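Presented below is the structure to which this report refers.
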Amino acid sequence: AWTAAANVTATANTTAPTPKQGSNSSKLVCAAGFTTGLVAYWPTGTLNLSAYQQVSFWIQSTAALAANTLRLDLCSDAAGNTVVHSFTINVALNANQWTAITIDNGAALGATINAVRLHALISMASKTVLLDNIFAAKAPSAADCLTLNSLISPDNLVWYPVQSVNGTTVYVDAQATTAATLAKGY
(Lines give C-alpha, C1' and ligand atoms only; values in the text may rest on other atoms or scores of the structure.)
Protein backbone atom coordinates (compact mmCIF):
# COMPACT_ATOMS: atom_id res chain seq x y z
CA ALA A 1 0.00 0.00 0.00
CA TRP A 2 1.15 3.51 -0.78
CA THR A 3 1.13 6.40 1.70
CA ALA A 4 -2.09 8.31 1.09
CA ALA A 5 -2.79 12.03 1.32
CA ALA A 6 -5.67 13.39 3.41
CA ASN A 7 -9.08 12.14 2.22
CA VAL A 8 -7.46 9.22 0.34
CA THR A 9 -7.25 5.58 1.42
CA ALA A 10 -4.43 3.44 0.03
CA THR A 11 -4.52 -0.36 0.11
CA ALA A 12 -2.86 -3.27 -1.64
CA ASN A 13 -5.64 -4.63 -3.83
CA THR A 14 -5.68 -8.42 -4.24
CA THR A 15 -9.19 -8.86 -5.64
CA ALA A 16 -11.08 -7.72 -8.73
CA PRO A 17 -9.95 -5.99 -10.76
CA THR A 18 -7.19 -8.53 -11.14
CA PRO A 19 -3.68 -7.11 -10.70
CA LYS A 20 -1.55 -6.94 -13.85
CA GLN A 21 1.69 -8.07 -12.17
CA GLY A 22 2.14 -10.13 -9.05
CA SER A 23 -0.55 -10.72 -6.44
CA ASN A 24 -1.69 -7.13 -5.84
CA SER A 25 -1.96 -3.63 -7.26
CA SER A 26 -2.06 -0.28 -5.49
CA LYS A 27 -5.63 0.91 -4.85
CA LEU A 28 -6.13 4.61 -4.11
CA VAL A 29 -9.67 5.53 -3.02
CA CYS A 30 -10.37 9.27 -3.08
CA ALA A 31 -13.14 10.37 -0.70
CA ALA A 32 -15.74 13.01 -1.57
CA GLY A 33 -13.59 15.61 0.25
CA PHE A 34 -10.56 15.07 -1.97
CA THR A 35 -10.09 17.48 -4.89
CA THR A 36 -6.65 17.99 -6.44
CA GLY A 37 -3.00 17.63 -5.52
CA LEU A 38 -0.98 14.75 -4.09
CA VAL A 39 -3.04 11.54 -4.05
CA ALA A 40 -0.39 9.17 -2.65
CA TYR A 41 3.29 8.29 -2.83
CA TRP A 42 5.47 5.21 -2.51
CA PRO A 43 9.11 5.34 -1.37
CA THR A 44 11.16 3.32 -3.85
CA GLY A 45 14.50 3.34 -2.09
CA THR A 46 17.29 5.15 -3.92
CA LEU A 47 17.16 4.40 -7.65
CA ASN A 48 19.66 5.55 -10.27
CA LEU A 49 17.48 5.83 -13.39
CA SER A 50 20.00 7.78 -15.49
CA ALA A 51 20.25 4.90 -18.01
CA TYR A 52 16.50 5.17 -18.68
CA GLN A 53 14.33 7.71 -20.47
CA GLN A 54 10.71 6.51 -20.14
CA VAL A 55 8.24 5.35 -17.51
CA SER A 56 5.72 2.61 -18.18
CA PHE A 57 2.85 1.51 -15.93
CA TRP A 58 -0.72 0.19 -15.76
CA ILE A 59 -3.53 2.45 -14.50
CA GLN A 60 -7.25 1.97 -13.99
CA SER A 61 -10.01 4.24 -12.70
CA THR A 62 -13.52 3.42 -11.47
CA ALA A 63 -14.82 6.34 -13.55
CA ALA A 64 -13.92 7.51 -17.03
CA LEU A 65 -11.25 10.20 -16.81
CA ALA A 66 -10.35 12.81 -19.39
CA ALA A 67 -6.78 13.09 -20.62
CA ASN A 68 -4.57 15.27 -18.41
CA THR A 69 -6.48 14.49 -15.20
CA LEU A 70 -3.61 12.69 -13.44
CA ARG A 71 0.16 12.91 -13.33
CA LEU A 72 2.81 10.42 -12.22
CA ASP A 73 5.85 12.06 -10.63
CA LEU A 74 9.33 10.80 -9.77
CA CYS A 75 10.73 12.47 -6.65
CA SER A 76 14.21 12.88 -5.15
CA ASP A 77 12.96 12.55 -1.55
CA ALA A 78 11.32 9.51 0.06
CA ALA A 79 8.18 11.48 1.06
CA GLY A 80 7.22 12.40 -2.50
CA ASN A 81 7.58 16.17 -2.02
CA THR A 82 10.47 17.10 -4.33
CA VAL A 83 9.44 16.37 -7.92
CA VAL A 84 12.27 15.67 -10.38
CA HIS A 85 10.17 14.44 -13.33
CA SER A 86 6.46 14.87 -14.06
CA PHE A 87 4.54 12.67 -16.50
CA THR A 88 1.03 13.90 -17.28
CA ILE A 89 -1.20 11.02 -18.35
CA ASN A 90 -2.24 12.48 -21.70
CA VAL A 91 -4.76 9.81 -22.69
CA ALA A 92 -8.36 9.39 -21.56
CA LEU A 93 -9.04 6.43 -19.28
CA ASN A 94 -12.12 4.25 -19.71
CA ALA A 95 -13.94 3.25 -16.53
CA ASN A 96 -12.89 -0.08 -14.99
CA GLN A 97 -10.34 -0.90 -17.69
CA TRP A 98 -6.59 -1.30 -17.30
CA THR A 99 -4.65 1.03 -19.61
CA ALA A 100 -0.95 0.63 -20.38
CA ILE A 101 0.81 3.99 -20.27
CA THR A 102 4.33 4.74 -21.50
CA ILE A 103 5.63 8.30 -21.39
CA ASP A 104 8.95 9.43 -22.85
CA ASN A 105 10.87 12.04 -20.84
CA GLY A 106 12.90 12.92 -23.94
CA ALA A 107 16.13 12.75 -21.92
CA ALA A 108 17.70 10.64 -19.19
CA LEU A 109 15.81 10.26 -15.92
CA GLY A 110 17.37 11.31 -12.61
CA ALA A 111 20.22 9.53 -10.86
CA THR A 112 18.64 9.90 -7.40
CA ILE A 113 14.98 8.89 -7.39
CA ASN A 114 13.53 7.96 -3.98
CA ALA A 115 9.75 7.98 -4.50
CA VAL A 116 6.99 7.81 -7.06
CA ARG A 117 3.73 9.68 -6.54
CA LEU A 118 0.33 10.17 -8.15
CA HIS A 119 -0.93 13.74 -8.45
CA ALA A 120 -4.47 14.85 -9.40
CA LEU A 121 -4.65 17.85 -11.74
CA ILE A 122 -8.48 17.82 -11.81
CA SER A 123 -10.83 16.81 -8.97
CA MET A 124 -10.78 13.09 -8.16
CA ALA A 125 -13.55 13.32 -5.53
CA SER A 126 -15.27 9.94 -5.01
CA LYS A 127 -13.08 8.13 -7.56
CA THR A 128 -10.72 5.19 -7.22
CA VAL A 129 -7.46 4.67 -9.11
CA LEU A 130 -5.38 1.50 -9.32
CA LEU A 131 -1.70 1.42 -10.33
CA ASP A 132 0.47 -1.58 -11.14
CA ASN A 133 3.87 -2.50 -12.57
CA ILE A 134 5.53 0.94 -12.66
CA PHE A 135 9.03 0.77 -14.16
CA ALA A 136 11.64 2.79 -16.04
CA ALA A 137 12.43 1.93 -19.66
CA LYS A 138 15.21 2.82 -22.06
CA ALA A 139 14.88 5.41 -24.84
CA PRO A 140 12.42 4.46 -27.61
CA SER A 141 15.33 4.41 -30.08
CA ALA A 142 17.27 1.81 -28.04
CA ALA A 143 17.34 -1.68 -29.56
CA ASP A 144 16.62 -3.18 -26.12
CA CYS A 145 13.79 -0.80 -25.18
CA LEU A 146 10.85 -2.66 -23.63
CA THR A 147 7.63 -1.10 -22.29
CA LEU A 148 4.07 -2.19 -21.59
CA ASN A 149 3.20 -0.88 -25.06
CA SER A 150 5.77 -3.13 -26.77
CA LEU A 151 5.05 -6.23 -28.79
CA ILE A 152 7.51 -9.13 -28.58
CA SER A 153 7.97 -12.23 -30.72
CA PRO A 154 10.10 -15.35 -30.49
CA ASP A 155 9.96 -15.87 -34.26
CA ASN A 156 8.86 -12.60 -35.96
CA LEU A 157 5.63 -14.39 -36.97
CA VAL A 158 3.51 -14.35 -33.82
CA TRP A 159 3.54 -11.19 -31.72
CA TYR A 160 2.51 -10.86 -28.07
CA PRO A 161 1.67 -7.75 -26.04
CA VAL A 162 3.60 -7.26 -22.81
CA GLN A 163 1.46 -7.80 -19.72
CA SER A 164 4.14 -7.02 -17.15
CA VAL A 165 7.86 -6.86 -16.52
CA ASN A 166 9.28 -8.29 -13.30
CA GLY A 167 13.07 -8.21 -13.07
CA THR A 168 14.30 -10.23 -16.06
CA THR A 169 10.94 -11.90 -16.72
CA VAL A 170 8.46 -10.52 -19.23
CA TYR A 171 4.89 -11.80 -18.97
CA VAL A 172 2.90 -11.88 -22.19
CA ASP A 173 -0.77 -12.35 -22.92
CA ALA A 174 -3.36 -11.12 -25.40
CA GLN A 175 -6.15 -10.78 -22.85
CA ALA A 176 -6.25 -7.57 -20.82
CA THR A 177 -8.11 -9.23 -17.94
CA THR A 178 -5.88 -12.28 -17.46
CA ALA A 179 -4.42 -12.60 -13.96
CA ALA A 180 -0.68 -11.96 -13.84
CA THR A 181 -0.16 -15.36 -12.25
CA LEU A 182 -1.71 -17.07 -15.29
CA ALA A 183 0.28 -15.19 -17.95
CA LYS A 184 2.95 -16.90 -19.99
CA GLY A 185 6.50 -16.02 -18.94
CA TYR A 186 9.07 -15.22 -21.64
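The values are calculated or read from the model by the stated rules, or taken from the named source; none is laboratory data. Quick caveat: nothing in here was measured; it's all calculated off a predicted structure. Using ideal geometry, Cβ is built from the backbone for each residue, glycine included, and neighbour counts are taken over all protein chains shown. For the accessible areas, the whole protein counts, side chains as well, though only heavy atoms, and no ligand, DNA or RNA atoms are used. Shrake-Rupley method; radii C 1.70, N 1.55, O 1.52, S 1.80 Å.
Listed residues N90, N81, N114; which is assigned to a strand (DSSP E or B) and either at pLDDT 95 or above or open to solvent by 50 Å² or more (accessible area, probe 1.4 Å) (or both)? Spell out how you get there, then give the answer.
On the way: N90 fails: assigned to a strand (DSSP E or B); N81 fails: assigned to a strand (DSSP E or B).
After ruling out the rest, the residue left standing is N114.
Suppose the filter is open to solvent by 40 Å² or more (accessible area, probe 1.4 Å), polar (S, T, N, Q), without any contact (Cβ under 8 Å) to a residue 40 or more places away in the chain and farther than 25 Å from T147 by Cβ; does T9 pass it? Before you say what the answer is, go through the steps one by one.
Details: open to solvent by 40 Å² or more (accessible area, probe 1.4 Å): yes; polar (S, T, N, Q): yes; without any contact (Cβ under 8 Å) to a residue 40 or more places away in the chain: yes; farther than 25 Å from T147 by Cβ: yes.
For T9, the condition - open to solvent by 40 Å² or more (accessible area, probe 1.4 Å), polar (S, T, N, Q), without any contact (Cβ under 8 Å) to a residue 40 or more places away in the chain and farther than 25 Å from T147 by Cβ - is met.
Give the number of residues within region 22-39 that are part of a strand (DSSP E or B) and within 22 Å of N166 (Cβ to Cβ). Give the derivation first.
Start the filter on region 22-39 by keeping residues that are part of a strand (DSSP E or B), which leaves 25-30, 37-39.
In the following step, the residues that additionally are within 22 Å of N166 (Cβ to Cβ) were identified as 25-28.
Selection size over region 22-39: 4.
What about S123, is it open to solvent by 30 Å² or more (accessible area, probe 1.4 Å), of a type outside the set (V, I, T) and more than 22 Å from L28 (Cβ to Cβ)? Outline the logic, then answer.
Details: open to solvent by 30 Å² or more (accessible area, probe 1.4 Å): yes; of a type outside the set (V, I, T): yes; more than 22 Å from L28 (Cβ to Cβ): no.
Against the criterion (open to solvent by 30 Å² or more (accessible area, probe 1.4 Å), of a type outside the set (V, I, T) and more than 22 Å from L28 (Cβ to Cβ)), S123 does not qualify.
Quick one: S123 ticks every box in (1) under 29 Å from T11 (Cβ atoms); (2) without any contact (Cβ under 8 Å) to a residue 12 or more places away in the chain; (3) polar (S, T, N, Q) bar one, so which box is it?
Among (1) under 29 Å from T11 (Cβ atoms); (2) without any contact (Cβ under 8 Å) to a residue 12 or more places away in the chain; (3) polar (S, T, N, Q), S123 violates only (2).
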